[in-house]
Every structure is written in structure tokens, then in C-alpha cells.
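Reading through the C-alpha cells given below for one structure.
The values are calculated or read from the model by the stated rules, or taken from the named source; none is laboratory data. Computed from a prediction, not measured in an experiment: that's the story for all the values here. Heads up, the Cβs are rebuilt from the backbone with ideal geometry, glycines too, and the neighbour counts pull from every protein chain shown.
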Amino acid sequence: MVAGENQKKIEKSDEAGEALAATIEARLRTGRPLAAREWIAAQERQLARQLAPRKPGPKPKRERPEATTQDQGAIKPVLLEPNRL
């Protein structure tokens, strides 16, 4: 029975190893560090750079400046009158 128990332990460690390998591969693709949250937060403060993944979603829209009456390069429509014969 000892061999059966060892086999179960090996299978569990193989599953854990595969999960860890998948996590490492995912982080290699994104370039994000794989470490404790506290360590990553300390590195972010020290480097003044975002390292941890943030909430996914669309980027916030930037506000566009108000158009003025003197916009240069603006295309204005021209109304053409019909030809008079």
C-alpha cells in the first residue's frame, strides 16, 4: 500500500508542477513578475512603474479640446448654386 500512496503524492505534485509551469509561462508572455503582491507593490513604488496586472477593460477616453471658430485647417462645406442659363 505504500507504493499506492507514493503514486498519489507523485500525481498531486505533477498536477501542481503543471499548474506552476502554466503560471510561469503566462507571466513570461506578459512580462509581469511572478512574486508576492507585497514585493511587487514595493518594487512599483521604488521604480515608479506599474508591474502588477491591472483591471482589464477599455482605456478611458481622453477629453478633446473644444473647437474654436478660428480652427485652422478645418474643412468648411461650400454650397454651390445651380447654373443659371
Inset, instruction - Would you point out which residue out of ARG49, ARG84, ARG64, ARG54 is among the charged types (D, E, K, R), exposed (fewer than 10 other Cβ atoms within 10 Å of the Cβ), over 30 Å from ARG27 (Cβ atoms) and modelled with pLDDT of 65 or more? - result: ARG64
Legend entry - segment 26-46, residues that are at pLDDT 90 or above and assigned to a helix (DSSP H, G or I): ARG37, GLU38, TRP39, ILE40, ALA41, ALA42, GLN43, GLU44, ARG45, GLN46
Inset, instruction - Filter segment 31-46 down to the residues that are surrounded by 10 or more Cβ atoms within 10 Å (Cβ to Cβ), within 18 Å of the chain's Cα centre (by Cα) and of a type outside the set (A, V, I, L, M, F, W, C), then identify the one that is farthest from ALA21 (Cα to Cα). - result: GLU44
Legend entry - Yes/no for GLU11 being modelled with pLDDT of 85 or more, part of a helix (DSSP H, G or I) and surrounded by 10 or more Cβ atoms within 10 Å (Cβ to Cβ): no
